[in-house]
Amino acid sequence: MARQGCALRESEIQKIVHLLASTDMSLTEIAQRTGCTRGAIAAINRRFQVRLYGGYRTQWSLSESFQPKYALE
């Protein structure tokens with residue numbers, strides 16, 4: 001079940017950014033996998049500018065300006 005109103009730890013944010021940048025998973029799938037809300041995933045995407053949706057829900061591309069800050073080890 002998704003958590004609501006809880007602050008995400010830095011490691012959780014790193015994992016979400018990594019999933020956004022390196023997989024074809026939808027926001028909903030990432031939310032289910034990480035236990036967050038879809039809105040939280042969308043907010044992280046906007047903050048780090050990982051994916052560009054261009055007004056579409058199912059089509060996206062990686063932002064050219066996205067610079068991976070995190071490297072999962």
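Each reported figure results from applying straightforward, stated rules to the coordinates on display, with no laboratory input. This one's a predicted model, so the numbers in the text were calculated from it and none came from an experiment. Here the Cβ is made from the backbone with ideal geometry for all residues, glycine too, and neighbour counts use every protein chain on show.
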Quiz item: Rounded to the nearest 0.05, what FRET efficiency do residue 63 and residue 6 have when you use their Cβ-Cβ distance and R0 = 30 Å?
Solution: 0.65
Exercise. Tell me which residues come under 5 Å, amide H to amide H, from residue 63 once H is placed; ignore anything under 5 positions away on its chain.
Key: 51, 52
